[in-house]
Amino acid sequence: MDWKVISVYATPGILPGGAVDGETPQYFRLADAKKVDLSEAEANNSDDWDIAFKRSVVYLNSGVAGIGSVQGCLLDPPINASRDEFIKMTDKEWAPKFDAVKDVAPNVKWKEEAVEPAIFGWREKDAEHWKAPVAKGWKLRLANGKSYAKMRIRKIGADGESITFQYAYQDGKDKPLCDDSVDMLKPGEAFKFSSGTVVEANGVGWDIKHQGRKLITNSSVSGGGKGGAIGSNKFGAKWSTIDNPGDSIAYFMDEYGEIFRTPKWYRYNVDGNHYVHPNGAVYGIKVKNQVYKVQIFSYNIFKGELGKALGVEEATDEAEKLEMRIARL
């Protein structure tokens, strides 16, 4: 077991996928698994760090996320198991997956960091054409953080990008849904649900924007709003069952971290407690000429004094601890 471990502690009070106002990324080097003390502004102009953590969000110093040239790839996919099987799994399953990775396949595609939107899976491709997943629905928290909408994609245009979508606006938590409406959105256009109009993507005056291959929300790294979405993954919401899009306790936001989110390194809320559960995925990271394999194998919540004992001074209620193992290839 020739590996090093990065341990990341998060302060209490913020749910995975919830509001991240005030949340500060933590930056690390892979060579020595040491934390690099940088503010977010400093990190934006530094190549002294390789990987950053913001709770369940993990991203590399490259592309849109930093001035570095760190690249990543998937080496071994997540374990494919039913919910009942998965909930029983521990590091006894994850560690052998990590040890089994001995090299990088020659056909692996290395990528720099990019934004992974909260809304994904909004189009599917058959043999020749893009089509809409009409049964799938999204719960949206809008840019003001106080109103909501449910949405589904009804049709993909001949260009494979333009969309026809159906939605219902909700003017606050637990308030009645407005009648369904149908609209169209082309690449480059932004939409505001409260007015039901295409708008300029300025400030918090827009909710979603079409970027061609991506639909982004006015949130986190994509905008100054407090937007978010639920429903993208295969365990997500169905359009026919959404009657209160504002009823969720957490909404995922657009974040850096495309490499660690396609596929995600975790499964969420498997046990009904809204916790994050690592799934055994092993990723490759290339820093200059050195290649590493990494795996997040633990994400735990520690209560009160136990959190303090782990070195988290802020842990008056609970604290979260992420652990990632690293080895050179």
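The values are calculated or read from the model by the stated rules, or taken from the named source; none is laboratory data. These numbers were taken from a predicted model, which means no experiment stands behind them. FYI the Cβ positions are ideal-geometry reconstructions off the backbone, even for glycines, and counts take in every protein chain you see.
Identify, from the list 220, 232, the residue that is of a type outside the set (Lys, Arg), surrounded by 14 or more Cβ atoms within 10 Å (Cβ to Cβ) and on the phi > 0 side of the Ramachandran plot.
None of the others qualify; the one that does is 220.
Touching a strand residue (DSSP E or B) at 6+ places or on another chain (Cβ under 8 Å) and under 24 Å from residue 274 (Cα atoms), is that true of residue 104?
no
With 149, 168 as the choices, which residue is touching a residue at least 12 places away in the same chain (Cβ under 8 Å), in contact with a Cys (Cβ under 6 Å, 6 or more places away or on another chain), assigned by TED's automatic domain parsing to the domain that holds residue 225 and not in a loop (DSSP other than H, G, I, E, B)?
The conditions single out 168.
Regarding residue 239, is this residue closer than 30 Å to residue 61 by Cα and more than 17 Å from the chain's Cα centre (by Cα)?
no
Is there a residue being in a loop (DSSP other than H, G, I, E, B) and at pLDDT 95 or above anywhere in region 152-159?
The answer is no; no qualifying residue exists.
Select from region 247-274 the residues that are more than 14 Å from the chain's Cα centre (by Cα) and surrounded by 17 or more Cβ atoms within 10 Å (Cβ to Cβ) and write down the one among them that is nearest to residue 118 (Cα to Cα).
248
Tell me yes or no: at least one residue of region 115-132 is farther than 30 Å from residue 170 by Cα and surrounded by 12 or more Cβ atoms within 10 Å (Cβ to Cβ). Explain how you work it out, then say what you get.
The first filter runs over region 115-132 and keeps only residues farther than 30 Å from residue 170 by Cα, leaving 125-129.
Subset that is surrounded by 12 or more Cβ atoms within 10 Å (Cβ to Cβ): none.
The answer is no; no qualifying residue exists.
In region 193-221, which residues are free of Cβ contacts under 8 Å to residues at least 24 places away in the same chain and over 16 Å from residue 119 (Cα atoms)?
Of everything in region 193-221, those that are free of Cβ contacts under 8 Å to residues at least 24 places away in the same chain and over 16 Å from residue 119 (Cα atoms) turn out to be 195, 197, 198, 199, 200, 201, 202, 203.
Which one of these does residue 64 not meet: (1) assigned to a helix (DSSP H, G or I); (2) over 26 Å from residue 43 (Cα atoms)?
(2)
I'd like the full set of residues that are touching a Pro at 6+ places or on another chain (Cβ under 8 Å), assigned to a strand (DSSP E or B) and at pLDDT 95 or above, limited to region 71-128.
The answer is 74, and nothing else.
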